[in-house]
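Just so it is clear, none of the values below were taken in a lab; they were calculated from the coordinates. Just so you know, these numbers come straight off a predicted model, no measurement behind them. Here the Cβ is made from the backbone with ideal geometry for all residues, glycine too, and neighbour counts use every protein chain on show.
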Amino acid sequence: MRDLMLRAPGSRFAIHAAVTVAIWAVLTWLNGSIEPQLSYYLALAAMYATAMFGMTILVGLSGQVSLGNGALMAVGGYVFALTSMKWSTVPIIGVPWNAVWSMVFAGLGGVIAGVLIGALGARLRGPYLAGLTLGIAVGIPTIVNRFPALLGGDEGLKLIVPYPEGGYPEAISQQEAAEQVPADDAFLDEFLVEELPADSATSAPADSGDLLTPEEAVSGVESGDLLTPEEAVSGVPTDAPTDAATDTALVVDVPADGVDAAAAVGSDFVLQQWQASVAIAVACIVGFLAINLVSGRQGRVWQAVRDDPVAAAVVGIAPAGAKVSAFVVSSLFAALAGAVLAQILTFVGAGAFGLGLSLSLLVGVVLGGRMSLAGAAIGAVLLVWLPELVDTVSGDRGWPDQITNNAPNLLYGLLVVVVVLLAPGGIMGAVSGGWARVRPQRARETR
Amino acid sequence: MIRTLVVRSLAVTTSVAVVAVGAAGAAQAADPGVSKTEIVIGTTTPLTGPASPGYKDVPAAAQVYFDYVNKSGGINGRQIKFVVKDDKYSPAETVTKTNELILIDKAFMLMGALGTANHLAVVDEINKQGMPDVFINTGASVFDNAKKYPTTFPFFPSYQLEAKVMSYYIKNTPDLASKKRCFMYQEGEFGENAGAGFNAAGMTDWSAQASYLPTQIAQGFGAQVTKMKAAGCQLVVFFGVTSATAVLLKTAAALQFKPTWMVTSVGSEPTVIAGILGSSATAKAAMDGMLAPSFLTPITDVGNPYVSQMKTLVEAAGLQWNFYTYYGVTLAYVTSQAIKAAGPNLTRKGLINALQTQSRNFKSPASVPMNITATSHQGLTGYWIGRYDSAGTLVRLGKPNEVYIAGNALSSKVKVGTFRPPAPTRKLLP
Amino acid sequence: MDTFVNFFLGGFANGAVIALMALALVLVWRSSRVVNFAQVGQAMFTSFVGLTVVDLTGSWILGLVIAIAAGAVLGLIIHFLVMRPVRRADSSGAIIATFGVLIALQALAAMIWGGDPRAYPTPVSYSGITVFGRVIAITPYDIFVIVAMVILVLILTIVLTRTKLGLSMRASAFNPEVARLSGVRVSRMLAAGWIIAGMVGAVAGVLVAPTATLSPNSFDIFLVFAFTAAVIGGLDSLVGAVTFGIGTGLLLSLVTGYSDASNAALVALILLALNLWFKPEGAFNHHKARSV
């Protein structure tokens, strides 16, 4: 990979660099000028794009369908979380730990996982590879649950972001956190009555006049001692509750290290903008790597092997090597995306990297257009935008809950089908009228 | 590049904090999500997907109660707007939806957010916002940490506490103590939390342990039942979700395995079990003699003013009266009282104050004491133990109003005593 | 020994259902070279249709018959509306399309029948058989499932290898051009594959639903196990699907019984990987392995 980068013509390299920097600048400017919620969506889209650049190379260029890239993201996420929680200095080198090191190690973890799975996967054809990767996607949560002490089990590992310099001062397990709760049981005795008369079996009686009736359940309670609509609007109820208890509430203060300070930080520092800035930076770096690989010699090697492994072998390309290298690259990208996702969620856990995530990546890359990096980027935006779109379209229209709740899923499923039908090459394929190079091997793939 | 970003954002954070602390003494800006006429309350919960059965009814029932309060004039003149977001039980979705609640819907507070892993993913940000996060729908003890999570308030007692209560009850009931006991649990934090509770109570001598993955429910529990049957288990303690309990009872009946069952409070909803076993008659037969802890007044006790009124509300809205709707109305009822207690000038801080200082005055169908303080945010403190009779009713055991309570620390010891809940407020209004 | 026999029998009955789901996947693969993710969704949907009929009429058999009919119709609809148009796209597009169908079917089922789990009745007793005074881990219903599977496999084998329909289907799957030249109506044969797979899936759904629960997502896990079994078996092979379907059921039962549930999926994954390492095209695939 490294020597291929060097072989790439300098001018193209420079153009790619310039384009990448320009995209980074635009996205960074965008991030600074939009609402925090949009920044969050931007962070998600950039994270998806990072993983899906790898999918473009694996599924599009190398022709290997993977249902397990979500599991590879888990590798990156967990390595990021573990190294940042456990290590305060870099082993051997001895410099203080920081987020970049965690990203590097996450990428390294991805490469190792990619080599292992790729070596096995290179022997497999389409559906068999899909079967293997499906198994991996389902197996990862199980593995996480196998090592609860290290990986946090179902509850996962909690991250503190923004990432502190020099690692985490305190990395405590959920169990330890629970044990830190002081045992203050004195209050218990206040509640307990020694003996109650047997006739007061379940609860205190109430006057029948105090009970709500079925009619009131529907219409609400209308009576003199309640607020009038006018009072409700003016906000100054004449008979507002002014019992002693309420007054106490306003006097007693919460501990100073509690809500006050925290709320103050929350009011101006925008977590979502920070998350988006990390995600955009990683996506741009990965995108730059990807575009150079794809447009260079390695891109042609992958396509040659996909189109005709025998012919590729004849001209001196090792098909297995090409397939493994595609797997390793996509795994590296997935792991980096996983590390970013860990920071977006401020958490890593089995539930965040399930089969659903793996399938989403494939859905995104197919919808966007699996043959180009631009398609991956479009797919990433679609993955974030489509669920919001269907939520809006199928918003509450007074239908029964059973319908309202499920309408977004129905619409999403149908949309996926419709896009595949209308744009077989994805959005990007439809836009560019199909990438000429895609066509020859279609017949072969569907055999 | 990342590193510089980190450094810069840290610097920004620090300076903002300093400025904000300096300004804190000045005029208090209004909190988001509350005006003179409206309070916005948000929640995240699975409305679709494998985790949705049962739980999707909780916010629906809470909505029914809020509608009733709104029609009756609201709370201190404010109407409640309840925004429910479907997170499909995926932590990633929970983050997205919670961000929407904070940033787009500008919710004043959250109520009843569901799921341990789901809530862990968002609890930091919620607390940073200073947003009240009341009565979360999980029994993981990690959230009862007033120092770390000053705005978060769990409601029902933790799974650990439940396991300790079960241990206490088994050890002090000669009939049960003499039985060969086994433990079956759901893999993951649910089972782990329970296991930690049993260990803390010194109950480790299981004759056999079995477990299941949530995905296995569809295949039946043949292997697990065979294993426990072979070990000669006479008492099986089960920590799993209700649909798993139903399938376990079904498989056990098929293989004629008839131990005494003791099932977690969140895993024994009779209507769901009846749905899965085919008829309420089958369910009653299968559940006859099953022991279960509970913290609410029995759902079948329709003579109780809480149960009768809540049932009236739920059924008037066309929902099914079951544990989930009962629980949903209860959450909304107690939350409304807390909001009312926070007074006419509603602020987030005021609400947290009210919760920390006045929880003992809140009325609820809980049959165990509620005790929220500035240092302990756990709401309910214990359980009573019941046994299902042949009519499918959970009958309280022991002395009248007998409860088993404990502090939420792992080392806290279980105490037994009696507790009588106070009468509800007039017409169940806050 | 007793215990082993019980783990074995319970696993066998579970495996029979996985085998049927795997068979349905193989049938679609043979006819149109598509891995049908929607299979479990189709089976779930038709089971709900069957349950509705059982609830209305009280007849279990009628429920099964209507469910099978619904399976055929649903298979045909998906073939015509989705798969036939999508054939122009590539294989990953087709996979994604079936995935979209799965999501839509699950949402539709939740809309119509609600998301709560339901009970599906059994036609014969679901209570362990007593042998020499001991209750063993197999019920008359489990035997019913196994017998139904054997009959279904026999019928399928005869139809696919001994009838003109079966031969035409194979011909059009392996070489559409040649088949078309020899007068086979290829597109009809593809439709036939989807119809038969839909029917087999419907039977599998109706058979598995009574042993646990029926809800829009309750069959999800079978997608994984059935796909695994089909892949190890070689995707083209009915025998492979059945063998490894039952094998998967046995394995899950034994590992769950002797260690615990979380190891079961792990062992399944390791065996899947080992199997594919030594037999990259599946154990029962008769086609020559790739030369490269």
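Tell me, what is the percent relative contact order of segment B:160-294, built from C-alpha pairs under 8 Å that lie six or more residues apart?
Values: 213 pairs, mean separation 31.6, N = 135.
Averaging sequence separation for qualifying contacts and normalising by length gives 23 percent for segment B:160-294.
By count of other Cβ within 10 Å, fewest leading, how are C:73, B:69 ordered?
Working: C:73 16, B:69 24.
If I rank by nearby Cβ atoms, fewest first, I get C:73, B:69.
Unpaired cysteine residues in the protein assembly as shown (no second Cys Cβ under 4.7 Å): A:284.
Among the residues of B:301-312, the average count of other protein chain beta-carbon atoms within 10 Å of the residue beta-carbon is 4. Counting neighbouring beta carbons within 10 Å and listing from fewest to most, the residues A:12, C:162 come out as C:162, A:12. Backbone amide hydrogens, once placed in the peptide plane, bring residue B:78 within less than 5 Å of nothing, excluding anything fewer than 5 places away on its chain. For segment B:23-105, taking Cα atoms only, Rg and Dmax work out to 15.4, 49 Å respectively. Using Cα-only point scatterers and the Debye equation, what is log10 of I(q)/I(0) for segment B:169-243 at each q in 0.13, 0.20, 0.22, 0.27 Å⁻¹, rounded to two decimals? Here the Debye-derived log intensity ratios amount to -0.39, -0.90, -1.05, -1.34. An ellipsoid equivalent to segment C:99-255, defined through the eigenvalues of its Cα gyration tensor, has semi-axes of 33, 22, 15 Å when rounded to whole angstrom and sorted largest first.
In segment B:67-123, what is the volume of the convex hull around the alpha carbon atoms, normalised per residue and reported in Å³?
Details: hull volume 5.0 nm³, N = 57.
In segment B:67-123, the Cα hull volume divided by residue count equals 88 Å³.
For the residues of A:355-363, the average number of beta carbons from a partner chain within 10 Å of their own beta carbon is 3.
Kirkwood hydrodynamic radius for segment C:210-256: how many Å is it when counted over pairs of different Cα atoms?
Details: mean 1/r = 0.0879 Å⁻¹.
This gives a value of 11.4 Å.
Sparsely packed loop sites in segment C:169-233 (the trypsin sites (Lys or Arg not before Pro) outside DSSP H, G, I, E and B with at most 13 other Cβ atoms within 10 Å) comprise C:185. From the alpha carbon centroid of segment B:306-374 to that of segment B:31-79 is 12 Å.
Mind pulling the per residue volume of the convex hull built on the Cα atoms of segment C:15-217? Å³ is fine.
Working: hull volume 24.4 nm³, N = 203.
Hull volume normalised by residue count: 120 Å³.
Each residue of segment B:143-154 is assigned a 3J(HN,Hα), and the resulting list reads 7, 7, 8, 4, 6, 7, 10, x, 9, 9, 10, x Hz, derived from the Karplus form 6.51 cos²θ - 1.76 cosθ + 1.60 (θ = phi - 60°), x at Gly and Pro. Taken along its three principal axes, the alpha carbon spread of segment B:52-100 comes to 37, 25, 9 Å, from the longest extent down to the shortest.
Computing Rg and the Kirkwood Rh from the Cα coordinates of segment C:88-156 gives a ratio, Rg/Rh, of 1.21.
Report, as an integer, the average count of C-beta atoms from other chains found within 10 Å of each Cβ along A:98-106.
Working: counts 4, 5, 5, 1, 1, 2, 0, 0, 0.
Mean number of neighbouring Cβ atoms from other chains: 2.
Against the compact-protein benchmark of 2.2 N^0.38 Å, the Cα-based radius of gyration of chain B scales to 1.01.
Segment B:265-401: percent of C-alpha pairs farther apart than 18 Å?
Working: 5698 of 9316 pairs.
Of all Cα-Cα distances in segment B:265-401, 61 percent exceed 18 Å.
Here is the list for segment C:101-139: chymotrypsin sites (Phe, Trp or Tyr not before Pro) lying in DSSP coil, each with at most 14 other C-beta atoms within 10 angstrom of its C-beta, are C:132. Average projection, convex hull of the Cα set of segment B:160-294: 7.2 square nanometres. Considering only alpha-carbon pairs that sit under 8 angstrom and 6 or more positions apart, the relative contact order computed for chain B is 15 percent. What you get for chain B, charging only the Cβ of Lys and Arg (+1) and of Asp and Glu (-1), is a dipole of about 720 debye around the Cα centre. Counting only Cα atoms, the size of the protein assembly as shown along its three principal axes is 90, 79, 59 Å, in decreasing order. Report the one residue of B:244, B:216, B:231 whose Cα lies farthest in the direction of the positive end of the charge dipole of segment B:160-294 (charges on C-beta: Lys and Arg +1, Asp and Glu -1; origin at the Cα centre). The Cα lying farthest towards the positive end belongs to B:231.
Arranged by the count of other C-beta atoms within 10 angstrom, fewest first, what order do A:24, A:385 take?
Values: A:24 18, A:385 13.
Ascending number of Cβ neighbours within 10 Å: A:385, A:24.
Here, segment A:25-105 has an Rg and a Dmax of 16.4, 43 Å when only alpha carbons are counted. Near the amide H of residue B:110, within less than 5 Å, lie the amide hydrogens of B:42, B:133, B:134, all on another chain or at least 5 residues away, with H placed in the peptide plane.
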